[in-house]
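A.B. asks: Please find one structure pasted underneath; my questions will follow.
The values are calculated or read from the model by the stated rules, or taken from the named source; none is laboratory data. Note that the structure is predicted; figures quoted are calculated from it, not measured. Ideal geometry is used to build each Cβ from the backbone, glycine not excepted, and the neighbour counts take in all protein chains shown. These accessible areas exclude ligands, DNA and RNA; they are computed on the full protein's heavy atoms, side chains included. Shrake-Rupley method; radii C 1.70, N 1.55, O 1.52, S 1.80 Å.
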Amino acid sequence: MKKGGIIVVKPIEKMKEGTPEQKAKPAKVKTLSFRMLLLKARTFIALILLLIVFSILIPNFLEPQNLILITKHVVLYALLGVGMTFVIVTGGIDLSVGSIVGLAGMIAGSFIYEGLVLNFADATVYFSVPVVILITLLFGALIGGMNGLLITKFNVPPFIATLGMLYVARGIALLISDGATYPNLAGSPELGNTGFSFLGTGNLLGMPVSIWVMVLFGAIAVYIFRKTPLGRHIFAVGGNEKAADIAGVQVNKIKMLVYMISGLCAAMVGLIVASQLGAAHPATGETWELNAIAATVLGGTSLAGGRGSIGGTIMGAFVIGVLSDGMVMMGISEFWQMVITGGVIVLAVIVDQLQGKMQHKVVLEQQA
């Protein structure tokens, strides 16, 4: 305003204070965000609580040798969980992994114990252990690919396709030896197939080889999820399959690949178990698919797809492993162990649903 040749600048009026609802909004968002943080950290919190409880109830529970033994058991659930994470992030499910574990052990056992019989040449071929491992892993990936084929080409729901493959793989495992066990997988120096036990019972740099296998598979999976286009495409398929398809993602190929990865991880578990026992039995791995699903969901992977992490899954496997071994060391009945494990699975799904709802609520509050 001009007054007598002097320009007078009026001070800007102080903005009106917000309504009580507007003042309360940041606090509400902070509260929801804190609850979300607790939900995301639930697996770590559960693991710490289990370690504290069992260390109080069981003498020497936290001794290094006992922790290494528990970790060797966790390896089996973790490897299955890594493969399951790839599948569940896309919105699928794989119920066949337990049977693939048993079948993989029988395939390896057959090659080491009996060799490959060539009837047309009246000869038997024995493979070295690395070749046996490679062939077995390829078989696992092949069975996973068959799951993917049923789901993508024939539109069979993942639950039904993998449930059917559960029975097929278990049946083939039984047929290989007519239900018998391959009792001795030590191999023979003359045949050049010794050394299979190193995978399950050997040590490398002071740690069991099986633990190094878990670290390797986990590191590769984390790299795929975080650093490659494949990882982004997997999350895209799980988040919104139609949108991913429109964006140019090859949805069917992604689904095929994740089931092949799951089958390969399950075959690796079968090899480790057979190596640890020095024998192969067709019933190995029964119901292990439930532990794999439990570890995956406990680790924060959503059953609806589009959300999950490998680190969380491995942490979930530790929760399942510590809980299982702790109950065994306390002498808890096997029947109660089944009840408790089932309860953990249900609780994990409930918490997963709660996390999804709360995450949606936080987004709405921030946008309001």
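A.B. asks: Can you list the residues, at least 5 places off or on another chain, whose amide H is less than 5 Å from the amide H of ALA280, using H built in the peptide plane?
C.D. replies: For ALA280, whose amide H was placed from the backbone, the distant partners under 5 Å are TYR182.
A.B. asks: Using r as the Cβ-Cβ distance of ASN155 and LEU205, and R0 as 41 Å, what FRET efficiency do you calculate, to the nearest 0.05? Write out the running numbers ahead of the final one.
C.D. replies: On the way: r = 48 Å, r/R0 = 1.17.
FRET efficiency, ASN155 to LEU205: 0.30.
A.B. asks: Amide H to amide H under 5 Å from LEU95: which residues, 5+ apart in sequence or cross-chain, H placed 1.01 Å off N in plane?
C.D. replies: So LEU95 has HN proximity to THR162, LEU163.
A.B. asks: Given R₀ = 35 Å, FRET efficiency for LYS242-VAL131 by Cβ-Cβ distance, to 0.05?
C.D. replies: Details: r = 43 Å, r/R0 = 1.24.
After rounding to 0.05, the efficiency reads 0.20.
A.B. asks: Which of LYS72/LYS242; LYS72/LYS357; LYS227/LYS255; LYS253/LYS361 have a Cα-Cα distance over 30 Å?
C.D. replies: Values: LYS72/LYS242 41 Å; LYS72/LYS357 36 Å; LYS227/LYS255 19 Å; LYS253/LYS361 34 Å.
Too far apart for the 30 Å limit: LYS72/LYS242; LYS72/LYS357; LYS253/LYS361.
A.B. asks: Which shape class applies to the chain: rounded if a/c is under 1.5, otherwise prolate when a/b exceeds b/c and oblate if not, where a ≥ b ≥ c are the square roots of the Cα gyration tensor eigenvalues?
C.D. replies: Values: a/c = 2.69, a/b = 1.93, b/c = 1.40.
It comes out prolate by the Cα gyration axes.
A.B. asks: Over every pair of different alpha-carbon atoms in segment 55-144, take the mean of 1/r and invert it; report that Kirkwood radius in Å.
C.D. replies: That comes to 16.2 Å for segment 55-144.
A.B. asks: Could I ask something else about it? Rounded to whole Hz and in sequence order, give me ³J(HN,Hα) for segment 165-175 from the Karplus expression 6.51 cos²θ - 1.76 cosθ + 1.60, θ = phi - 60°, writing x for Gly and Pro.
C.D. replies: 5, 4, 6, 5, 5, 5, x, 5, 4, 6, 5
A.B. asks: Scan segment 241-305 for GluC sites (Glu not before Pro) in coil per DSSP, keeping those whose Cβ has at most 16 other Cβ atoms within 10 Å, and list them by number. Don't jump to the answer; show the numbers that get you there.
C.D. replies: Numbers: sites: GLU241, GLU286, GLU289; in loops: GLU286.
Passing sites in segment 241-305 are GLU286.
A.B. asks: Apply the Karplus curve 6.51 cos²θ - 1.76 cosθ + 1.60, θ = phi - 60°, to the phi angles in segment 101-115 and return the couplings in whole Hz, x for Gly and Pro.
C.D. replies: Working through the residues one at a time gives 4, x, 5, 4, x, 6, 5, 4, x, 5, 5, 7, 7, 10, x Hz.
A.B. asks: Something else: Please give me the summed charge of the neighbours of MET260: other residues whose Cβ is under 15 Å from its Cβ, Lys and Arg +1, Asp and Glu -1.
C.D. replies: Overall, the nearby charge balance is +2.
A.B. asks: Show the residues, 5+ positions off or on another chain, whose built amide H is closer than 5 Å to the amide H of GLY202.
C.D. replies: Placed amide hydrogens put VAL209 under 5 Å from GLY202.
A.B. asks: At 7 Å along the Cα-to-beta-carbon direction for both VAL349 and PHE44, put a label point, then send me their distance in nm to one decimal.
C.D. replies: Going by the 7 Å Cα→Cβ label model, 2.8 nm.
A.B. asks: Something else about it: How much length is gained if the chain between ALA180 and PHE198 is pulled fully straight, taking 0.36 nm per residue apart and subtracting their Cα-Cα distance, in nm to one decimal? Intermediate values should be presented prior to the final figure.
C.D. replies: Values: separation 18, 0.36 × 18 = 6.48 nm, distance 2.38 nm.
Full extension of this stretch gives 4.1 nm more.
A.B. asks: Using the basic label-point model (7 angstrom from Cα toward the beta carbon), what is the GLU334 to ARG232 distance in nanometres?
C.D. replies: 5.0
A.B. asks: Separate question: How long is the gain from ILE220 to LEU69 if the chain were fully straight, where each residue apart is worth 0.36 nm and the alpha carbon distance is subtracted? Can you show the working numbers first?
C.D. replies: Details: separation 151, 0.36 × 151 = 54.36 nm, distance 2.38 nm.
Between ILE220 and LEU69, full extension yields 52.0 nm more.
A.B. asks: If packing is taken as the average count of other Cβ atoms within 10 Å, what order do 161-172, 179-190 fall into, highest mean first?
C.D. replies: Working: 161-172: 19.8, 179-190: 14.3.
In decreasing order of mean packing, 161-172, 179-190 become 161-172, 179-190.
A.B. asks: What does the accessible area per residue of the chain come to in Å², with a 1.4 Å probe and no ligands, DNA or RNA counted?
C.D. replies: Accessible area per residue: 53 Å².
A.B. asks: Take the Cβ-Cβ distance between MET358 and VAL117 as r, set R0 to 56 Å, and report the resulting FRET efficiency rounded to the nearest 0.05. Please list the in-between numbers first.
C.D. replies: On the way: r = 59 Å, r/R0 = 1.05.
Calculated transfer efficiency: 0.40.
A.B. asks: Between the helical axis of 42-57 and the dominant principal axis of the chain, each derived from Cα atoms, what acute angle in degrees is found, rounded to the nearest 10?
C.D. replies: The angle comes out near 60 degrees.
A.B. asks: In addition: Summarise the accessible area of the chain (1.4 Å probe, protein heavy atoms) by the percent that is carbon and sulfur. Walk me through the numbers before you get to the answer.
C.D. replies: Working: 13180 of 19420 Å².
C and S fraction of accessible area: 68 percent.
A.B. asks: Quick check on packing: order 142-148, 45-51 by the mean number of other C-beta atoms within 10 Å, highest mean leading. Could the numbers behind the result be given before it?
C.D. replies: Numbers: 142-148: 23.9, 45-51: 15.3.
Output ranking for 142-148, 45-51: 142-148, 45-51.
A.B. asks: Could you tell me the relative contact order of the chain? Use alpha-carbon pairs under 8 Å, at least six residues apart, and round to a whole percent. Write out the running numbers ahead of the final one.
C.D. replies: On the way: 575 pairs, mean separation 113.1, N = 368.
31 percent.
A.B. asks: Further question on the same structure: Residue by residue, what Karplus-based ³J(HN,Hα) values in Hz, rounded to whole numbers, does segment 273-288 have, using 6.51, -1.76 and 1.60 with θ = phi - 60° and x for Gly and Pro?
C.D. replies: For segment 273-288, the Karplus curve yields 5, 4, 5, 5, 7, x, 7, 10, 10, x, 8, 4, x, 4, 6, 5 Hz.
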